[in-house]
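Values quoted throughout were computed directly from the atomic coordinates according to the rules given, and no laboratory measurement underlies them. Just so it is clear, the model here is predicted, and its values are computed rather than measured. Note that each Cβ is placed from the backbone with ideal geometry, even for glycine, and that neighbours are counted across all protein chains shown.
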Amino acid sequence: MKKWLARGYFALILLFLYAPILVLIVFSFNESKSRSNFTHFTTKWYTELFHNELIITSCWNTIQVAILASVLATILGVFAALGINAMRKRSKALLMNLTYMPVINPEIVTGISMMLLFVYICGVLNTFLGEGTVELGLWSVLIAHITFCVPYVVLNVLPKLRQMDANVYEAAMDLGCTPLQSFWKVVIPDIMPGIVSGFLMSFTYSLDDFVITYFTNGSSFQTLPITIYSMTRKKVNPQINALSAILFVVVLLFLVLSNVIQSRAEKQREES
Amino acid sequence: MLKKLASTPYVLWMAIFVVVPLGMMIYFAFTTADGSFTLDNMLQIGKYTSIFLKSINLAVIATLICFLLAFPAGYLLSRMKTRRQNMMLLLIMLPMWMNFLLRTYAWMTLLENEGLINHFLELLGIGPLSMINTQGAVVLGMVYNFLPFMILPLYSVMAKIDPSLFEAAADLGCNPMLSIWKVLIPLSRPGIISGITMVFVPSVSTFIISRMLGGGQNMLIGDLIEKQFIGSSYNPYTGSAMSLVLMVLMILVMAAIGSFEDDEMEGIVV
């Protein structure tokens, strides 16, 4: 009885979470633009989507920003974590507060404050270089994304550094490694899981970000979430449904795949 | 020594791109267009008190609903077998990986006057009900978008609670309700705090959910701020003042519920 109650509860929660997305996907195959009457099956919205240049460019922009931002944030964050880990308590606490700031601040505050800085920089540069030479775009979005991603790298790498045995690093040097070698061969492999999860978190947050990009992208540089937003403003547009369906399938495949890889690795570890 | 220097680029980066922008925001909040000091921007916010109250009100309701839905879910999840647990976690996480604009858009189409829900209600002989562009729709959007953020921290804290504690409570004469109150809730405190933070902060400051599901009538703080920065009426002075108030408000709320105690913030990075 209790078991069925629990199952029923989860079924309801999952229904609540999935029903809207499934309806969206079903109606991506609807011939008419109506969102309550399913008339005929069609794939025309998908064809239109693939010929929509704005979508293609903004997809490419999103991927470009996500890769650059997550790689740079990871490098910056790993070195930051190394430094913070070696610090004394007070400067450590100060830096941790700095790290938490973008994490706890409302996104809109992070967004508008960076916009103020970028607009100011543009203004200063334009007075020297002439009106309109510099404007918000890829550079400002990239800086903004790196800024909100780094804290997640730091917060993922620090615990790994704390767990690490400091003697291992010295042992490597005793065995003839140079400091750089022992860093690469001992420290980095040891904290790798933290680096990977920090990187992945940065990558997905960057891909998904709307609010901060919205305030820092200027008028000509669009990422996918920005394009989606402008599409939803025009109300009826079944291309959005088609796009949702594609993204849902991509995410599903990715999660299933990563789960399979993970459970395989676990099995191998158990066997060995 | 060299190791401490490793964080220098990070410190510089964060100083330039986090501290300086926030400093500029504070500066703008207290200046006029010609650069002299003023309190006008701050005083003007008084005009928008009702919008601030409405935002807080809707966000509190959404957070409360999320908590009531997520608490049993997190508990049941934490008592499942490991395999099933991972499967369910994956299922709860999956919708979060879809962009939240698309998730909100999905509800927009469902709640419309000619939407699917009204279509069904019509078949049953009820309605049509006007659901879109109401406060209820905005709250629904908040709950839908942020519910997983409440379930996950609750689950991860509850999973660490030793089940024998509940047996002990029962042995000592607690009925189930009392052991929830005396054992489960106090031990899940860190999860409750991060859950509340992770739902309340984005709910109060949203401008997308209110715009897409609330129509023009349900402006929230987020919309108000967005209007000052994007579009024709560019006014960073009032906008900064509003953002400053929002930021301070959030810090106060988080301090009040105890987000800053111990290592509890680490719950945010699951």
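Miscellaneous remarks
- Taken over segment B:190-231, the criterion of being within 10 Å of chain A (Cβ to nearest Cβ), among the polar types (S, T, N, Q) and not in a helix (DSSP H, G or I) is satisfied by B:206 alone.
- Boolean, residue A:72 is surrounded by fewer than 20 Cβ atoms within 10 Å (Cβ to Cβ) and either in a loop (DSSP other than H, G, I, E, B) or without any contact (Cβ under 8 Å) to a residue 12 or more places away in the chain (or both): no
- Top-ranked residue in segment A:234-244 [being out of contact with any Ser or Thr (no Cβ under 9 Å at 6 or more places or on another chain) and more than 9 Å from chain B (Cβ to nearest Cβ); ranked as nearest to residue B:106 (Cα to Cα)]: A:237
- Of the helices (runs of 4 or more DSSP H) contained entirely in segment B:1-98, those carrying at least 2 residues that are among the hydroxyl-bearing types (Ser, Thr, Tyr), within 30 Å of residue B:228 (Cα to Cα) and without any contact (Cβ under 8 Å) to a residue 12 or more places away in the chain fall at B:49-78.
- Selected residue [in contact with a helix residue (DSSP H, G or I) (Cβ under 9 Å, 6 or more places away or on another chain), at the interface with chain B (Cβ under 10 Å from one of its Cβ atoms) and assigned to a helix (DSSP H, G or I)] from A:67, A:112: A:112
- Residue within segment A:135-149 that is more than 7 Å from chain B (Cβ to nearest Cβ), closer than 26 Å to residue A:188 by Cα and among the β-branched types (Val, Ile, Thr) present: yes
- Count of segment A:212-233 residues, restricted to those that are assigned to a helix (DSSP H, G or I) and within 11 Å of chain B (Cβ to nearest Cβ), is 13.
- Candidate set from segment B:97-123 (those that are more than 7 Å from chain A (Cβ to nearest Cβ) and polar (S, T, N, Q)); member that is farthest from residue A:35 (Cα to Cα): B:104
- Near pairs, Cβ below 9 angstrom, 6+ apart or cross-chain, from segment A:4-16 (under 18 Å from residue B:86 (Cα atoms) and facing chain B (nearest Cβ under 9 Å)) to any residue that is outside any helix (DSSP H, G or I) and not aliphatic (A, V, I, L, M): A:6/B:79
- Taking segment B:113-139 as the range and being closer than 25 Å to residue B:203 by Cα, of a type in the set (Val, Ile, Thr) and either without any contact (Cβ under 8 Å) to a residue 40 or more places away in the chain or part of a loop (DSSP other than H, G, I, E, B) (or both) as the test, the residues that pass are B:117, B:132, B:134.
- Under the condition of being under 23 Å from residue A:104 (Cα atoms) and more than 12 Å from the chain's Cα centre (by Cα), the residues counted in segment B:208-218 number 2.
- Candidate set from segment A:33-57 (those that are within 22 Å of residue A:23 (Cβ to Cβ) and among the aromatic types (Phe, Trp, Tyr)); member that is farthest from the other protein chains (Cβ to nearest Cβ): A:41
- Residue selection: residue A:161 satisfies the criterion of being surrounded by fewer than 24 Cβ atoms within 10 Å (Cβ to Cβ), under 24 Å from residue A:76 (Cα atoms), more than 8 Å from every other protein chain (Cβ to nearest Cβ) and among the aliphatic types (A, V, I, L, M).
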